[in-house]
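Everything below concerns the one structure shown next.
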Amino acid sequence: MAIGLTSMQIRTSIIAPLMIRNVLPSLSSTIISLFKDTSLAATIAVPELTFASRKINVESFRVIETWIVTSALYVVTCFLIAALMRLVERRLALPR
Amino acid sequence: MAKTMLEIKGLRKTYGQHEVLKGVDCSVQEGEVISIIGSSGSGKTTMLRCVNMLEEFQGGTISLDGEEIGYHVQGSTRRRKTEKEIARQRALTGMAFQQFNLFPHMTAAQNVMLGLIKVKKMPKAEARLIAERWLDRVGLSARANHYPGQLSGGQQQRVAIARAIAMSPRLMLFDEVTSALDPELVGEVLQVIKGLAADGMTMLLVTHEMRFAYEVSSRVIFMNQGVICEQGDPKEMFVRPKTERLAEFLKTSSFN
Amino acid sequence: MSQTFLDQLWIARHVIVNGVAMTVSISLLAILAGSVLGIFVGLALVYGNGVLRLIVRAYTDVIRGTPVLVLVLASYYVSSAVGIELGPFAAGVVALAIFCSSHVGEIVRGALQAIPKGQTEAAKAIGLTFTQTFTSVLWPQALRQCLPAWVNTAAEMVKASTLLSVIGVAELLLRTQEIISRNFMSLQFYFLAGALYFVVNFGIERFGKFVERKTALPS
């Protein structure tokens with residue numbers, strides 16, 4: 001305010017950029033949790049990954065492989081999301 | 001006839017690629033009070049921390065009251081002593097730290113008693129008596145049952161000193177114990193140290209308090225870049241420094 | 001059939017109580033087993049040698065990267081496939097305990113690593129061995145540090161117990177669904193179930209705050 005910006009300008013040029021950098025870490029973990037929680041949709045018969053895995057497990061009797069692959073798919077995706085978020089954080093980080 | 005309490009010969013330490021101590025020789029007699037001064041990076045704190053094996057060292061020997069500290073050296077072979085041995089040797093020295101490092105979940109008395117109970121295997125009642133005696137000695141008997149969070153910096157440091165000295169060490173090590181204190185609290189700690197010196201405790205102090213070093217030390221060691229540059233009676237050294245580096249150092253430090 | 005919620009509630013009271021009891025026992029077992037295992041996980045992460053740490057890290061990364069439902073289903077199907085007769089209750093509790101251990105392990109690791117190095121140095125300086133340092137100086141401080149996050153994990157476990165309904169364990173959610181399938185009062189009974197879970201978790205958090213206050217250091 002001391003250099004004469006309007007409150008709208010303050011919000012977009014100063015607060016917003018800082019705010020985005022600040023929320024990235026917690027946003028990252030929220031996104032990852034959300035991704036894992038999509039598996040819960042299987043309980044109401046939404047045909048997502050967990051639902052499909054359960055079907056495959058029951059129909060094919062290939063139990064161990066099914067669940068290793070399912071788990072691996074989730075773990076790898078979470079890892080990729082985390083890596084992507086870290087990249088974004090680094091790109092936006094202020095030079096030190 | 002005063003005996004040699006600490007003998008350091010050819011002490012070498014490297015930290016990665018950087019040689020921090022480049023061959024330090026030093027002999028400390030019983031009852032001596034030695035101040036170690038120097039700019040940061042000179043190796044003074046590292047040398048102090050080698051004496052009680054808080055730092056490993058790669059060359060030379062340290063001998064406390066006749067026994068080799070930290071490593072068995074036989075000719076050219078060198079073997080690190082067992083953790084148990086090293087722990088036992090650490091109990092022979094007492095150390096006070098710049099950041100006090102009191103155990104926050106214990107009262108002042110419990111802080112002082114811990115070593116007595118666990119290391120010296122004393123019964124609780126006996127340890128309590130000794131703890132109270134030393135807390136009284138540093139002027140804090142009224143605070144024996146207070147937690148560190150309830151004490152000022154100067155009080156915490158005095159408890160820390162009591163904790164170290166209650167173990168009846170042969171040698172006391174002080175690592176810049178007043179550097180983290182507000183100026184008005186420095187005096188009470190220096191008073192305690194002066195009292196201990198008067199009682200004849202052998203002490204090594206790394207310090208920036210030049211006035212203190214001048215008044216209380218029997219000898220001052222000036223370190224520079226990993227070696228002892230000059231040492232002697234402070235009353236001589238500070239007034240007529242023999243080396244240029246010491247003269248430089250004295251000019252930039254807050255003495256006189 | 002009596003149409004008021006309260007009448008239906010009275011009729012179903014035993015079923016609901018049984019459901020709550022089952023939920024509590026699942027949660028309690030999973031929290032206890034998971035916490036004990038989690039402490040070892042945390043210790044391994046902080047004090048283990050390179051190989052052990054790698055293995056345990058992989059373990060926690062995989063467990064935390066997998067949805068809890070997948071863990072429960074995997075535990076149920078895989079155990080019967082390899083011939084270990086666990087049954088839904090045991091399989092579910094095992095899965096939840098493993099999930100809990102990965103979280104507790106991280107909490108313990110964080111708490112131990114948050115303790116300033118000066119504490120260990122001061123303990124060494126008075127001659128304490130590593131075991132003495134750990135039990136007298138480090139662990140008491142770490143335990144205090146863990147408490148809020150651990151209470152959070154305990155509440156998560158209560159919520160995760162609902163997943164055992166998927167493999168047929170008769171805990172509160174499944175019981176609620178049974179009741180609803182008879183009287184079709186889904187809104188009321190789901191709301192009741194939600195309220196009961198809230199009460200249990202609220203109790204856990206209150207208990208946590210109580211312990212925190214009791215163990216706080218005076219300043």
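Report, by residue number, each residue of the stretch B:192-236 that is farther than 17 Å from B:Ala247 by Cβ, part of a helix (DSSP H, G or I) and touching a residue at least 24 places away in the same chain (Cβ under 8 Å).
B:Val192, B:Ile193, B:Gly195, B:Leu196, B:Ala197, B:Arg211, B:Phe212, B:Val216
Among (1) over 30 Å from C:Val82 (Cβ atoms); (2) modelled with pLDDT of 85 or more, which single condition is A:Met8 missing?
(2) is the only condition that A:Met8 fails.
For the stretch A:54-71, what are the residues that are closer than 19 Å to C:Leu163 by Cα and at the interface with another protein chain (Cβ under 7 Å from one of its Cβ atoms)?
Correct list: A:Arg54, A:Asn57, A:Trp67, A:Thr70, A:Ser71.
In this structure, does B:Leu173 turn out to be hydrophobic (A, V, I, L, M, F, W, C) and open to solvent by 10 Å² or more (accessible area, probe 1.4 Å)?
Taking the combined requirement at face value, the residue does not satisfy it.
B:Ile117 passes all but one of (1) surrounded by 19 or more Cβ atoms within 10 Å (Cβ to Cβ); (2) within 25 Å of B:Gly70 (Cα to Cα); (3) β-branched (Val, Ile, Thr); which number fails?
(1)
Tell me the residue from B:Ala142, B:Ala125, B:Ala180 that is more than 10 Å from every other protein chain (Cβ to nearest Cβ), farther than 30 Å from B:Gly10 by Cα and not in a helix (DSSP H, G or I), please. Lay out the reasoning, then the answer.
Details: B:Ala142 fails: not in a helix (DSSP H, G or I); B:Ala125 fails: not in a helix (DSSP H, G or I).
After ruling out the rest, the residue left standing is B:Ala180.
Taking the stretch B:237-256, which residues are assigned to a loop (DSSP other than H, G, I, E, B) and either touching a residue at least 24 places away in the same chain (Cβ under 8 Å) or open to solvent by 60 Å² or more (accessible area, probe 1.4 Å) (or both)?
B:Phe238, B:Val239, B:Arg240, B:Lys242, B:Ser253, B:Ser254, B:Phe255, B:Asn256
From (1) on the phi < 0 side of the Ramachandran plot; (2) within 12 Å of chain C (Cβ to nearest Cβ); (3) not acidic (Asp, Glu), pick out the condition that doesn't hold for B:Ser168.
All conditions pass for B:Ser168, except number (1).
Pull up the stretch A:28-39, narrow it to residues that are within 9 Å of chain C (Cβ to nearest Cβ) and closer than 17 Å to C:Ile63 by Cβ, then point me to the one that is surrounded by the fewest Cβ atoms within 10 Å (Cβ to Cβ).
Looking at residues that are within 9 Å of chain C (Cβ to nearest Cβ) and closer than 17 Å to C:Ile63 by Cβ, I get A:Asp37.
With A:Val76, A:Val58 as the choices, which residue is in a helix (DSSP H, G or I), more than 23 Å from C:Ser79 (Cα to Cα) and out of contact with any Pro (no Cβ under 8 Å at 6 or more places or on another chain)?
A:Val76
Out of (1) open to solvent by less than 30 Å² (accessible area, probe 1.4 Å); (2) touching a Gly at 6+ places or on another chain (Cβ under 7 Å); (3) more than 8 Å from every other protein chain (Cβ to nearest Cβ), the odd one out for C:Pro88 is which?
The one condition C:Pro88 does not meet is (1).
Restricting to the stretch A:40-53, and then to whatever is within 19 Å of C:Phe99 (Cβ to Cβ), hydrophobic (A, V, I, L, M, F, W, C) and open to solvent by 50 Å² or more (accessible area, probe 1.4 Å), can you tell me which residue is farthest from the other protein chains (Cβ to nearest Cβ)?
In this case the residue turns out to be A:Leu49.
Limited to the stretch B:83-106, what total is found for residues that are more than 7 Å from every other protein chain (Cβ to nearest Cβ), free of Cβ contacts under 8 Å to residues at least 60 places away in the same chain, open to solvent by 10 Å² or more (accessible area, probe 1.4 Å) and not aliphatic (A, V, I, L, M)?
1
Which of the following residues is under 26 Å from B:Ser253 (Cβ atoms), in a strand (DSSP E or B) and among the basic types (Lys, Arg): B:Lys9, B:Lys22?
On inspection, the qualifying residue turns out to be B:Lys22.
Among the residues of the stretch B:70-82, count how many are open to solvent by less than 10 Å² (accessible area, probe 1.4 Å) and hydrophobic (A, V, I, L, M, F, W, C).
So the count comes out to 0.
Return a yes/no flag: does the stretch C:52-60 have any residue that is under 26 Å from C:Gly168 (Cα atoms), among the aliphatic types (A, V, I, L, M) and within 11 Å of another protein chain (Cβ to nearest Cβ). Before the answer, list the steps.
Within the stretch C:52-60, the first condition is being under 26 Å from C:Gly168 (Cα atoms), and the residues that meet it are none.
Checked the stretch C:52-60: no residue is under 26 Å from C:Gly168 (Cα atoms), among the aliphatic types (A, V, I, L, M) and within 11 Å of another protein chain (Cβ to nearest Cβ).
Restricting to the stretch C:91-114, and then to whatever is surrounded by fewer than 18 Cβ atoms within 10 Å (Cβ to Cβ) and closer than 30 Å to B:Thr93 by Cα, can you tell me which residue is farthest from the other protein chains (Cβ to nearest Cβ)?
First, the residues of the stretch C:91-114 that are surrounded by fewer than 18 Cβ atoms within 10 Å (Cβ to Cβ): C:110, C:113-114.
Applying the additional criterion that residues be closer than 30 Å to B:Thr93 by Cα yields C:113-114.
Numbers: C:Gln113: 17, C:Ala114: 13 Å.
That would be C:Gln113.
Hey, can you tell me all the residues within the stretch B:29-68 that are open to solvent by less than 10 Å² (accessible area, probe 1.4 Å), part of a strand (DSSP E or B), more than 28 Å from B:Lys251 (Cβ to Cβ) and β-branched (Val, Ile, Thr)?
The answer is B:Ile62, and nothing else.
The values are calculated or read from the model by the stated rules, or taken from the named source; none is laboratory data. Note that the structure is predicted; figures quoted are calculated from it, not measured. Here the Cβ is made from the backbone with ideal geometry for all residues, glycine too, and neighbour counts use every protein chain on show. With ligands, DNA and RNA removed, areas are computed over all heavy atoms of the protein, side chains included. Shrake-Rupley method; radii C 1.70, N 1.55, O 1.52, S 1.80 Å.
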